[in-house]
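Reviewing the structure listed below.
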Amino acid sequence: MFDTVFEVLFLVGLIIGSVIRALYTTRHKRNRIAEGYETALHGLLLFLASLGLIVIPLFYILTPWLDFADYHLLTGAGWVGVAVFAAALCLLWRSHADLGDNWSPHLEIREEHSLVTQGVFRHIRHPMYAAHWLWGIAQALLLQNWIAGLAMLASFLPLYLWRVRREERMMFEHFGEEYCRYMNQSGRVIPRLWK
Ligand code: SAH
């Protein structure tokens, strides 16, 4: 089942990340939605990302079927992967905590929606997406396999490209000048520490 300690640590991280997400998904179900921008394509992209995030890694760890595509990095790279995964999970947790009930797996505005510009959102507009990029890098370092290791980066890229500009347009349409000012003082996924 487990070929390396890094696969065990990846699984632990995957469980922690899933628990964080499950807690906030339960909270999100209580929201009353004022504006929704859901499309079939977005649903498909979310589904593909969940394959790269959960299904393919678990299939790799729990079966020998993908082992033919293994690659081998120095042990140090695996420990860098552990550190990057820990950073991704911290950022995911802090982003959820700061966004609170304004979080949604979809592009939507809830009835009492407020613009969050503090905490991890102070210097970066999409800390949760940044956390997913870090997760993807960690996955490539921890699951040393061309299919399972790269599955997250490959499946998150189309979702990110489709979603990030539409989300910003939606936020601008709803919050107007306030969001424009926020855009000018923050980076998209890389923190803007200078003004
Ligand atoms: N893109 C953000 C949030 C992802 S969750 C991140 O990466 O951290 C997506 C939902 O969050 C969107 O439907 C939108 O309603 C909400 N959202 C995004 N940025 C927000 C902000 N700064 N304040 C309040 N809500 C926000």
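Laboratory data are not the source of any read-out in this text; all were calculated from the coordinates shown. Remember, it's a predicted structure, so these values are computed and weren't measured experimentally.
Of note:
- Once the Cα-Cα distance is subtracted from the 0.36 nm per residue extended length, the H106 to D67 segment shows a gain of 10.6 nm.
- Altogether, the Stokes-Einstein calculation at 25 °C and 0.890 mPa s, with the Kirkwood radius of the chain over Cα pairs as Rh, returns a diffusion coefficient of 138 µm²/s.
- Extension gain, M183 back to H123 (0.36 nm per residue minus Cα-Cα distance, nm): 20.6 nm
- Only helices enter this figure: runs of n ≥ 4 DSSP H residues, each worth -39500 (n - 2.57), summed and divided by the residues of the chain, yield -20500 deg cm²/dmol at 222 nm to the nearest 500.
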